[in-house]
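Notes follow once the structure below has been shown.
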Amino acid sequence: MPSLFNAPARIVFLLGFALTLALLPCAFGREQRVSASSPSSNILVARVHLRDEDELRRFVSLGLDLLEMREGDDLFILTDAKQLGELRAQGWQVAIDQQKSTLASEQAAETFSNGYRTVTEMRAFVDDEAARYPNLAEVFTYGSSWQKIHMGGSAGSDLFGIRLTNKQTQGVKPTFFLMAAIHARELTTSELALRFVDYLLSNYGVDADVTWLLDEHQIVVVPVVNPDGHRIAEQGYYQRKNLNTTNGAGCANPPTIFNQSGIDLNRNFSFGWGTVNSPGEPVCGQTYPGTSAASEPETDAIQNLIRSLFPDQRGTQRTDAAPDNATGIMITLHSYSNLVLWPWGDISSPTPNANQLQAIGQKFASYNGFTPEQAIGLYPTSGTTDDWSYGELGIASYTFEVGDESGQCSGFFPPFSCMDGGSGGAFWPRNLPAFLYAARIARAPYQLGQGPSPESVSANVSDH
């Protein structure tokens, strides 16, 4: 089947494209509007019927903009009229979902900065938190983005996170690792991560559970794994990937919903890389995994960071289980479709820790109301964060897909009000209990996740 992502006739030189991206504004004011005539406002949501597993895997390998939703044998994609026609001409069963398409176009035309933070604002926020709570928080850098390495000057960003723990309590502490925005356009994820930081710090010494968590654990949060891409999303574009232009000089500039430079960082991790999403995919497609495993500085850096936080607790074979007393837990936040996912994503076989991962996933779902399932139940993926962190190190690893499949609070650009309310929203109050639960069981999740989780304790004292 021929590629759907033919390079445009106009040649776009690598350096010129990269400089154009570098010169795009890095931060918008709170009322800056995205033009309704931007490419993002011409999107369609289409339903694709797939008859069997072979057809599913062939479709996934096209590098299309797959949405995190599935209804029976139907997947959904972001597309436009031109690509829709190409798909139909090639024999795929594709139909426009008019309701979802209308909603997506309306969201794209709204302001980005209606409450969501830019990369610059995120960095300022964590710096301010660390300055306000010096005994509980420290900001760290763990690498540099692709643009910073390859373009220099003011282009690109440091890769940064914030570590939360009571520095006065010593000893080895179990770790809960929370990361967000590896896909740049998934705006709600960074906000959730930053709110969790603020909640823990502002409630230390006030809430007994939070105080215990920070006394006896370390919680590490990376609010934006893909800062270069996020700066493009801040302008209303549906940028998913990083900004590596090495193989994408012919990709659309500015980026469109299905044609953009970059590498999908969540297909670039070194465990199982290339088995589903291969380097033979169209380079301008949304799931292009790069030319080799962990080729991207953002991927390599986050892998090294995670290795520094967690011991290696699993063997080298797929069938090797992590021990019951393995320590540490991680969650990577994505948008959307209200799912709790765990490995594997590339094969249908369960992991050797499947029962434990499922028990924890179901507990998360009891808090946030999401649907819990093994990741491949959505569609096959390879080179993903949680497959790597579990497969490489044995960490209890999860993906949260935050946001409804349809309605006001669905999509990649939901109104900021959906963080606290709205039809299908309330992202923050729904997910806070799940985050706290993850932190509580971090010292031995495979053991503690199998048992009850007491929410409160009361005692009656009487004299005899």
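The values are calculated or read from the model by the stated rules, or taken from the named source; none is laboratory data. Computed from a predicted structure; not experimentally measured. Counting neighbours? That spans all protein chains shown, and the Cβs are built from the backbone with ideal geometry, glycine included.
Quick check on Gly143: is it at pLDDT below 95 and not hydrophobic (A, V, I, L, M, F, W, C)? No: the conditions fail for Gly143. Look at segment 204-216: where a residue is within 19 Å of Phe177 (Cβ to Cβ) and a partner is at pLDDT 95 or above and aromatic (Phe, Trp, Tyr), sitting 6+ places away or on another chain with Cβ atoms under 7 Å, you get Val210/Tyr204; Leu214/Tyr204.
Tell me yes or no: at least one residue of segment 110-119 is surrounded by fewer than 14 Cβ atoms within 10 Å (Cβ to Cβ), assigned to a helix (DSSP H, G or I) and at pLDDT 90 or above. The answer is no, given that none of the residues of segment 110-119 is surrounded by fewer than 14 Cβ atoms within 10 Å (Cβ to Cβ), assigned to a helix (DSSP H, G or I) and at pLDDT 90 or above. A count restricted to segment 372-401 and to residues that are more than 17 Å from Asp264 (Cα to Cα), of a type in the set (Asp, Glu) and either without any contact (Cβ under 8 Å) to a residue 40 or more places away in the chain or touching a His at 6+ places or on another chain (Cβ under 8 Å) (or both) stands at 1. Checking each residue in segment 159-192 for being within 17 Å of Ile306 (Cα to Cα) and outside any loop (DSSP other than H, G, I, E, B) picks out Leu159, Phe160, Gly161, Ile162, Arg163, Leu164, Thr175, Phe176, Phe177, Leu178, Met179, Ala180.
Residue count for segment 153-182, restricted to those that are of a type outside the set (D, E, K, R) and within 21 Å of Ala124 (Cα to Cα): 17. Out of Pro311, Pro282, one residue alone is farther than 27 Å from Phe76 by Cα and at pLDDT 90 or above. It is Pro311.
Of all residues in segment 357-386, those satisfying the criterion of being part of a helix (DSSP H, G or I), touching a strand residue (DSSP E or B) at 6+ places or on another chain (Cβ under 8 Å) and buried (at least 19 other Cβ atoms within 10 Å of the Cβ) are Leu357, Ile360, Gly361, Phe364, Asn368, Ala375, Thr385, Asp386.
Quick check on my filter: what residues within segment 297-321 are part of a loop (DSSP other than H, G, I, E, B) and touching a Lys or Arg at 6+ places or on another chain (Cβ under 9 Å)? If the condition is that a residue be part of a loop (DSSP other than H, G, I, E, B) and touching a Lys or Arg at 6+ places or on another chain (Cβ under 9 Å), then Asp320, Ala321 are the ones that fit.
Residues in segment 315-340 that are within 23 Å of Gly377 (Cβ to Cβ), surrounded by 20 or more Cβ atoms within 10 Å (Cβ to Cβ) and over 22 Å from the mean Cα position of the chain (by Cα): Ala322 only. Checking segment 173-194 against the condition returns no match, with no residue being aromatic (Phe, Trp, Tyr), modelled with pLDDT of 95 or more and either out of contact with any helix residue (DSSP H, G or I) (no Cβ under 8 Å at 6 or more places or on another chain) or surrounded by fewer than 24 Cβ atoms within 10 Å (Cβ to Cβ) (or both).
Residues checked against (1) among the acidic types (Asp, Glu); (2) closer than 30 Å to Ala301 by Cβ; (3) in contact with a helix residue (DSSP H, G or I) (Cβ under 6 Å, 6 or more places away or on another chain):
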position	(1), (2), (3)
Ile347	no, yes, no
Phe364	no, yes, yes
Pro380	no, yes, yes
Phe412	no, yes, no
Pro429	no, no, no
Pro433	no, no, yes
Ile441	no, yes, yes
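Quick check on segment 411-424: of everything there that is in a loop (DSSP other than H, G, I, E, B) and out of contact with any Ser or Thr (no Cβ under 7 Å at 6 or more places or on another chain), which residue is surrounded by the most Cβ atoms within 10 Å (Cβ to Cβ)? Across segment 411-424, the extreme among qualifying residues is Gly411. Reported count of residues in segment 238-277, each being more than 19 Å from the chain's Cα centre (by Cα) and within 28 Å of Ala81 (Cβ to Cβ), is 12. I need a count of the residues in segment 204-237 that are modelled with pLDDT under 95 and either of a type in the set (Ser, Thr, Tyr) or within 19 Å of Pro433 (Cα to Cα) (or both). Final tally of qualifying residues: 1.
Filter segment 323-345 down to the residues that are in contact with a helix residue (DSSP H, G or I) (Cβ under 7 Å, 6 or more places away or on another chain) and not in a loop (DSSP other than H, G, I, E, B) and list them by number. Within segment 323-345, Ile329, Met330, Ile331, Thr332, Leu333, His334, Val340, Leu341, Trp342 meet the criteria.
Yes/no per residue for (1) out of contact with any strand residue (DSSP E or B) (no Cβ under 8 Å at 6 or more places or on another chain); (2) β-branched (Val, Ile, Thr); (3) in contact (Cβ under 8 Å) with a residue 60 or more places away in the chain:
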residue	(1), (2), (3)
Phe269	yes, no, yes
Ser278	yes, no, yes
Thr287	no, yes, yes
Thr299	yes, yes, no
Ile302	no, yes, yes
Phe310	no, no, yes
Gly315	yes, no, no
Arg318	yes, no, yes
Ala326	no, no, yes
